[in-house]
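**Q** Shown below is the structure under consideration.
The values are calculated or read from the model by the stated rules, or taken from the named source; none is laboratory data. Computed from a prediction, not measured in an experiment: that's the story for all the values here. Quick reminder, even Gly has a Cβ in these numbers, built from the backbone with ideal geometry, and neighbours come from all protein chains shown. Each accessible area value is taken on the protein alone, full model and side chains, heavy atoms only, with ligands, DNA and RNA left out. Shrake-Rupley method; radii C 1.70, N 1.55, O 1.52, S 1.80 Å.
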Amino acid sequence: MKTTDAQPNSHSPLQSLEEWEDFLKERYPEPGVAAKPFQATDPDKKKEEFRNYEADVRPTVREFYRQNHRHQTYEFAQAKRKEFLSLNRRQMSVWEAAEYLNTLIDDSDPDTDLSQLQHLLQTAEHIRADGHPRWFILSGFVHDLGKILCLWGEPQWAVVGDTFPTGCRYSDKIVFPQYFADNPDSQNPRFQSELGVYEEGCGLDEVQLSWGHDEYIYQVTKDYLPAEAQYMLRYHSFYPWHRENEYARLTNARDRELLQWVQKFNPYDLYTKSHTKPDVKALRPFYEDLIAEYFPAKLNW
Ligand SMILES: [Fe+2]
Ligand SMILES: [Fe+2]
């Protein structure tokens with residue numbers, strides 16, 4: 001089914017991965033920035049409801065979501081965990097991984113023209129400027145390193161995108177829910193009850209989210225970071241949970257306790273992009289020290 005004229009057969013409909021993040025910024029405007037004019041008309045209405053994000057979206061982003069929702073099945077998410085989570089592809093330090101990710105050249109971000117490394121540094125530097133703990137700064141620096149999956153030939157829809165639980169009913173708060181009609185799991189009654197294959201309160205650790213860069217970087221780094229940081233990395237794209245408050249029935253007390261850290265992290269990821277490019281050379285010693293404080297010299301990727 002063709003829904004757009006934007007390279008419908010390509011697995012790389014986005015000109016750059018940032019196109020997806022720019023869209024998220026539209027979908028989830030910074031609280032306090034866009035809210036005021038809308039509150040004048042109806043203070044009870046959420047500002048997102050005023051935005052017709054579906055009509056305004058770029059065709060490339062629309063096509064990206066169409067592919068993501070169609071192909072991210074329960075079985076696919078399981079298969080990718082098997083394929084990548086043995087972490088036997090290569091050994092790299094965290095800084096080497098950041099430089100490796102920086103070789104990902106796509107068409108430049110029309111809004112900011114930032115490299116991958118610059119996005120990581122901008123995120124981390126804003127966290128640092130706000131006086132947060134060192135592990136929080138480090139989380140900002142590593143949070144998108146999982147995008148190296150793109151360098152290993154993975155299609156965009158299997159690396160980025162707002163994540164969602166597979167194996168149970170799709171929330172209608174997920175962006176473009178109508179595209180799930182093309183997902184084979186939507187025809188499987190076992191996967192379409194509210195809890196699906198899960199038990200109430202089982203905890204997100206038991207839940208298989210759609211596959212992408214979040215789960216991958218969480219698995220690579222989890223042994224070395226505090227629980228709050230692990231949650232930030234693992235769930236930073238799980239917008240249906242941390243922005244829409246969906247899927248509460250799958251969470252346990254620990255998830256609900258740590259959700260606040262995912263929410264604390266989100267603004268740094270989404271709203272810190274600027275034209276002022278961080279000085280990579282000047283910042284490197286600080287980050288090398290920080291990396292050495294938490295991580296071994298080489299990590300398994
Ligand atoms: Fe990310
Ligand atoms: Fe990011």
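**Q** Determine the distance separating the Cα centre of the stretch 245-298 from the Cα centre of the stretch 195-234; give it in Å without decimals.
**A** Taking the Cα centre of the stretch 195-234 as reference, the centre of the stretch 245-298 is 15 Å away.
**Q** Of Lys25/Lys277; Lys147/Lys173; Lys82/Lys173; Lys173/Lys222, which pairs sit farther than 27 Å apart, going by alpha carbon to alpha carbon?
**A** Check vs 27 Å cut-off fails for Lys82/Lys173; Lys173/Lys222.
**Q** What is the log10 of I(q)/I(0) for the stretch 234-301, computed with the Debye formula using one identical point scatterer on each Cα and no solvent, at q = 0.12, 0.13, 0.14, 0.15 Å⁻¹?
**A** Log10 of I(q)/I(0), two decimals: -0.54, -0.62, -0.70, -0.77.
**Q** If you wrap a convex hull around the Cα atoms of the stretch 55-170, how much volume per residue is inside, in Å³?
**A** Output value, Cα hull per residue: 159 Å³.
**Q** Quick one: give the max-minus-min coordinate of the C-alpha atoms of the stretch 90-239 along each principal axis, largest first, in Å.
**A** Principal extents (Cα only, largest first): 46, 35, 32 Å.
**Q** Further, regarding this structure: Would you please state the base-10 log of I(q)/I(0) at q = 0.10, 0.12, 0.14 1/Å for the chain, with intensities from the Debye formula using one equal scatterer on every alpha carbon?
**A** -0.54, -0.80, -1.13
**Q** Show me the ranking of peptides 144-155, 85-96 by mean Cβ neighbours inside 10 Å, starting with the highest.
**A** Top of the packing list down: 144-155, 85-96.
**Q** Compute for the stretch 128-182: radius of gyration divided by Kirkwood radius, i.e. Rg/Rh, restricted to C-alpha atoms, rounded to two decimals.
**A** Computed over Cα atoms, the ratio is 1.13.
**Q** Given a 1.4 Å probe and every protein chain left where it sits, what share in percent of the accessible area of the stretch 173-301 is carbon and sulfur?
**A** 47 percent
**Q** So for the stretch 124-180, taking the charge dipole from beta-carbon charges (+1 Lys/Arg, -1 Asp/Glu), which of Tyr179, Pro133, Val160 sits furthest toward the positive end?
**A** It is Pro133, whose Cα lies furthest towards the positive end.
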